Amino acid sequence: MIYSFETRIRYSEAGADGRLGLVKMMDYMQDCCMFHAEDVGVGAFRLREMHHAWVVLSWQVIVDRYPRAFEKIRVSTLGTKAENIFAHRNFLIHDEAGTLIAKANSIWSYIDMDTMRPVSLRKDPDAFMVFGPEEPIEMDYEPRRIDLPKEGGRCMDPIVVGPEMLDSNGHVNNVRYITIAQQALGEKLLPRQLRAEYKLQTYPGDVLTPVAYAPADRSVLELRNAAGKPSVIIEMKI
């Protein structure tokens, strides 16, 4: 099923330019899939009782237009396919005139929170079937994995993970990493495409070191944990 909700962009959500930024736009998308799960009876708190959770592995977001404060929008989501331990979910944002202004693809894994290992969707197909499957939307799908530039990385000041960055599963909410990336790569950046690849979960007190790359065609930020391993890789294209 395609799940949608309508809302109006609040003044408090807009930036200095009066527009809804990338992070807030992704918050709307994330809220939409959480509403969807809640309304079909498998919301985040119900899954927590079952010791299960959906964990996002990657985002690809394409933005045609950043809407302004007070505009009315419709946010939609649909599950498109499940394959072993991966589930795919699309998102659409339309303005009041019905024009598509943003779209996205995301890839998720269904996790056993006791073992922190994926649950095969072949063994538990009902975990995904309540969301779809629907036909995928039309977009230029890029790979889940992001290739890092081979050289030119610039280390920045480390960041200590605080409680304000967490979600109900106790680790850093996936969209909060995008805030870190925009602050590191340029707060006023309004990319036309974002990709994010999540490799390791991050918890309160963990230290992340941003490493910024600036090849000619994109901006890339790698967030390394204390062991020097990448937790998240984020790519933005203008």
Scanning the stretch 1-47 residue by residue, those more than 16 Å from Asn90 (Cα to Cα) and in contact with a Gly (Cβ under 9 Å, 6 or more places away or on another chain) turn out to be Tyr11, Glu13, Ala14, Gly15, Gly21, Lys24
Note on Cys32: of the conditions (1) in a helix (DSSP H, G or I); (2) surrounded by fewer than 20 Cβ atoms within 10 Å (Cβ to Cβ); (3) within 18 Å of the chain's Cα centre (by Cα); (4) not polar (S, T, N, Q), unmet is (2)
Restricted to the stretch 69-83 and to residues being crowded, with 19+ Cβ neighbours inside 10 Å and out of contact with any Gly (no Cβ under 7 Å at 6 or more places or on another chain), the residue farthest from Ser109 (Cα to Cα) is Ile73
Per the filter on the stretch 209-234, residues more than 16 Å from Val56 (Cα to Cα) and buried (at least 22 other Cβ atoms within 10 Å of the Cβ) are Pro210, Val220, Leu221, Glu222, Leu223
Given (1) farther than 21 Å from Pro133 by Cβ; (2) open to solvent by 60 Å² or more (accessible area, probe 1.4 Å); (3) modelled with pLDDT of 95 or more, Tyr66 misses just (2)
Of the residues in the stretch 220-238 that are within 18 Å of Gln182 (Cα to Cα) and hydrophobic (A, V, I, L, M, F, W, C), the one that is farthest from the chain's Cα centre (by Cα) is Ile238
Taking the conditions exactly as written (at pLDDT below 95 and over 14 Å from the mean Cα position of the chain (by Cα)), does Lys72 satisfy them or not? no
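A quick yes/no check of all residues on (1) of a type in the set (A, V, I, L, M, F, W, C); (2) more than 28 Å from Lys237 (Cβ to Cβ); (3) touching a Lys or Arg at 6+ places or on another chain (Cβ under 9 Å):
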residue: Thr7; (1), (2), (3): no, no, yes
residue: Ala14; (1), (2), (3): yes, no, yes
residue: Gly18; (1), (2), (3): no, no, yes
residue: Ala44; (1), (2), (3): yes, yes, no
residue: Phe86; (1), (2), (3): yes, no, yes
residue: Ala97; (1), (2), (3): yes, no, no
**Asked** Could you say whether any residue in the stretch 8-25 is closer than 25 Å to Ile180 by Cβ, open to solvent by less than 20 Å² (accessible area, probe 1.4 Å) and over 18 Å from the mean Cα position of the chain (by Cα)?
**Response** yes
Considering the stretch 63-83, residues that are in a strand (DSSP E or B) and aliphatic (A, V, I, L, M), and then whichever is farthest from Met236 (Cα to Cα), we arrive at Ala82
Among strands (runs of 3 or more DSSP E) entirely inside the stretch 84-198, those with 2 or more residues being free of Cβ contacts under 8 Å to residues at least 12 places away in the same chain, open to solvent by 40 Å² or more (accessible area, probe 1.4 Å) and under 20 Å from Leu47 (Cα atoms) are none
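The values are calculated or read from the model by the stated rules, or taken from the named source; none is laboratory data. Computed from a prediction, not measured in an experiment: that's the story for all the values here. Glycine gets a Cβ as well: all are built from the backbone with ideal geometry, and neighbour counts include every protein chain shown. Keep in mind that these areas ignore ligands, DNA and RNA; they rest on the heavy atoms of the full protein, side chains included. Shrake-Rupley method; radii C 1.70, N 1.55, O 1.52, S 1.80 Å.
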